[in-house]
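Read the structure below first, then the notes.
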Amino acid sequence: MKEKLVVLFVFSHILFNSCQTQKSSNHKAAEQYPNVLFISVDDLNDYLGFMGDPNAITPHMDKLALGGTAFTNAHCQAPLCGPSRASLLTGLRPSTTGIYGMIKDNSIKTGSLAEDDITLLPEYFSEHGYRTIGVGKVFHSFAPKGVFEIAGGRFAGIKPNHSFGPKPEQRMVWDGYAKTDPDNYGRTSTDWGPFPESDQDMPDYQNTEWAIDQLNQHDPERPFFLAVGYLRPHVPFHVLQKWFDLYPLEDIELPAYDKNDFDDIPAIAKNELAYLPMMPTTEWAIETDNWKKIIQAYLACISFVDNEIGKLLSALEKSQYASNTIIVLWSDHGYRLGEKGTFAKQALWETATKTPLIFSGADIPKHKTIDAPVELLSIYPTLLELCQLPPNPHNEGRSLVPVIHDQQADIDDFYSLTTYGWSNHSLRTKGFRYISYEDGSEELYDMATDKNEFVNLADVKDYKDIKEMHKALLPASNARWHINSNYTFQPYFVEQKKRINQDNE
């Protein structure tokens, strides 16, 4: 009996010391590992001061870029929020997962890929000792159940009268319907004009306040991963009148536009992928004198969300975490504001794929701008390396840390791949944009001499070798559509999923 008591005492002593060692290790991790502030902005293109836009008033995002490293030629992996966010947060390409359309957050880890192959970005940080906190639009809706230890949901306070509200009872300008075949193209939230009367009525305001409160309450013994997802400037372009007042119509510069631009592009592009009759066209906007008004509304939304981001960053600067927090700001894709004939995201051209990307804080070089074409897919592995966490072997993106810290001088081989549906791809390299469609048709643009992508060089013999070089970078295989991923606003994608998945059964 005495021997048993001695053994029990020794075991208890060892267990106690082990727990104390683990506790000490956790404390050490909190001191050594940086926090992460993960900021996403919905539908934000490059209409920002630090990216050279002549109209934008964005002092807070400009300040963030100036105080860190800004990638001014970053591109999404899908020009649609659902698949773009799924790609970034899984670390996998759409051509790998088959998530080409919208998907419910809880369905991302289902389907053909084994669940063990997917560890979502916040989950990875949680597995390595971080307290994960989230609010707003991080994934497509908010987040899969249980991904965040502390979850504020999509709306931390008020519930607007629509997921992208608040909205007036009556539409202000655009009804959101396709004039032809409305049933097959759905109804969008596209509309614009000053509404409501107070910033406090906006979900983004409420989410900022919630996130600041979490910063003030955080237990410093554990590092945090705080994700804050902003809804604006997603349609409807509704914010207060004061934000519109920043942009007098007479001062707004319009982007380049050629009404004959589609004369040299493939039929699949203009008749299927880029045909979006539920969205306003540039010709309609010109005829009705709405073009500058739409841009004014979009810019007003950007300035509103810039102000919210400024409040969040100011709270971080005043907190005890200011010197030990990495900030990353990104958007899920670009947005066309009259370029290429319409006002929408869904396309494989520059204005639909280009997005801001900023890393700042905790040992990130300041006043640095990088113009190499990079991918949002790189955010996952970059954050892991910056936080000194082991790499996730399933990540398909490329860490940007060597570029950020000048450890890799030659970045000419960087490129970004964007996918829109099965086997429709766009490659952005240093000098060119190459687009390959499922039917074999192509587009090629010399971005050095034709930044507006007006002249398709795909059939010019002198560019054959350049095309072949780009073709070699396309995915070797394309997964069929994920069973739970759909895009019903565009009949082409409905038909494509049915056709491709049946062919592969």
Condition check for E123: at pLDDT 95 or above and surrounded by fewer than 24 Cβ atoms within 10 Å (Cβ to Cβ): yes
So I500, is it surrounded by 13 or more Cβ atoms within 10 Å (Cβ to Cβ), β-branched (V, I, T), assigned to a helix (DSSP H, G or I) and over 21 Å from the mean Cα position of the chain (by Cα): yes
Residue among A78, A86, A74 that alone is part of a strand (DSSP E or B), of a type outside the set (K, R), within 15 Å of the chain's Cα centre (by Cα) and buried (at least 24 other Cβ atoms within 10 Å of the Cβ): A74
Unique match (being within 21 Å of G67 (Cα to Cα), modelled with pLDDT under 95 and surrounded by fewer than 18 Cβ atoms within 10 Å (Cβ to Cβ)) among H405, H367: H405
Failed condition for I411, given (1) under 18 Å from T72 (Cβ atoms); (2) buried (at least 17 other Cβ atoms within 10 Å of the Cβ): (2)
Those helices (runs of 4 or more DSSP H) lying entirely in the stretch 333-414 with at least 1 residues closer than 30 Å to D258 by Cα and β-branched (V, I, T): 350-353
Residue match in the stretch 282-299 (condition: closer than 19 Å to D53 by Cβ, among the charged types (D, E, K, R) and not in a helix (DSSP H, G or I)): no
Of all residues in the stretch 423-437 being assigned to a loop (DSSP other than H, G, I, E, B) and within 20 Å of the chain's Cα centre (by Cα), the one that is nearest to A476 (Cα to Cα): N424
Selection from the stretch 227-262 of residues that are part of a loop (DSSP other than H, G, I, E, B) and among the acidic types (D, E): D245, E253, D258
Given (1) buried (at least 22 other Cβ atoms within 10 Å of the Cβ); (2) under 21 Å from I265 (Cα atoms), number of the condition V455 does not satisfy: (1)
Where a residue in the stretch 322-340 is under 20 Å from L215 (Cα atoms) and its partner, wherever it lies, is acidic (D, E) and surrounded by fewer than 24 Cβ atoms within 10 Å (Cβ to Cβ), with Cβ under 9 Å and at least six apart: N324/E31; I326/D363
Identity of the residue in the stretch 439-451, touching a strand residue (DSSP E or B) at 6+ places or on another chain (Cβ under 9 Å) and part of a loop (DSSP other than H, G, I, E, B), that ends up surrounded by the fewest Cβ atoms within 10 Å (Cβ to Cβ): A448
Count - residues of the stretch 247-262 that are more than 18 Å from R433 (Cβ to Cβ) and either loosely packed, with under 15 Cβ neighbours inside 10 Å or free of Cβ contacts under 8 Å to residues at least 40 places away in the same chain (or both): 7
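Tell me, yes or no, whether the stretch 310-325 has at least one residue that is of a type in the set (G, A, S), under 20 Å from D46 (Cβ atoms), assigned to a loop (DSSP other than H, G, I, E, B) and over 21 Å from the mean Cα position of the chain (by Cα).
no
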Checking N106 against (1) within 20 Å of the chain's Cα centre (by Cα); (2) in a helix (DSSP H, G or I); (3) surrounded by 18 or more Cβ atoms within 10 Å (Cβ to Cβ), the condition it does not meet: (3)
Any hit, the stretch 33-55, residues being polar (S, T, N, Q), surrounded by fewer than 17 Cβ atoms within 10 Å (Cβ to Cβ) and either under 29 Å from S378 (Cβ atoms) or modelled with pLDDT under 50 (or both): no
Hits in the stretch 301-344 - residues which are within 19 Å of V239 (Cβ to Cβ) and basic (K, R): K311
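Within the stretch 120-226, considering only helices (runs of 4 or more DSSP H) that don't extend past its boundaries, which have at least 3 residues that are within 22 Å of A300 (Cβ to Cβ) and in contact with a Phe, Trp or Tyr (Cβ under 7 Å, 6 or more places away or on another chain)?
203-217
Listed residues H482, H470; which is part of a helix (DSSP H, G or I), modelled with pLDDT of 95 or more, under 26 Å from the mean Cα position of the chain (by Cα) and not basic (K, R)?
H470
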Residue in the stretch 144-165 that is within 19 Å of the chain's Cα centre (by Cα), closer than 25 Å to Q490 by Cα and surrounded by fewer than 24 Cβ atoms within 10 Å (Cβ to Cβ) present: yes
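Looking for whichever is of a type outside the set (D, E) and more than 16 Å from W349 (Cα to Cα) here; the options are P83, P79. Which one fits?
Just a single option satisfies the conditions, and that option is P83.
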Test set (1) of a type in the set (D, E); (2) touching a residue at least 12 places away in the same chain (Cβ under 8 Å); (3) more than 30 Å from D183 (Cα to Cα) - E272 fails condition number: (3)
Neighbours by Cβ (under 6 Å, 6+ apart or cross-chain): first from the stretch 406-426, at positive phi; second surrounded by fewer than 24 Cβ atoms within 10 Å (Cβ to Cβ) and in a loop (DSSP other than H, G, I, E, B): S423/E438; S423/N478
Subset of the stretch 290-321 that is basic (K, R) and free of Cβ contacts under 8 Å to residues at least 60 places away in the same chain - its residue that is farthest from P356 (Cα to Cα): K318
Residues located in the stretch 347-364, provided they are at pLDDT 95 or above and out of contact with any Gly (no Cβ under 8 Å at 6 or more places or on another chain): A347, L348, W349, P356, L357
Any hit, the stretch 421-435, residues being surrounded by 18 or more Cβ atoms within 10 Å (Cβ to Cβ), under 25 Å from G397 (Cβ atoms), of a type in the set (D, E, K, R) and touching a Phe, Trp or Tyr at 6+ places or on another chain (Cβ under 7 Å): yes
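The values are calculated or read from the model by the stated rules, or taken from the named source; none is laboratory data. Everything quoted here is computed from the prediction, not taken from an experiment. Glycine gets a Cβ as well: all are built from the backbone with ideal geometry, and neighbour counts include every protein chain shown.
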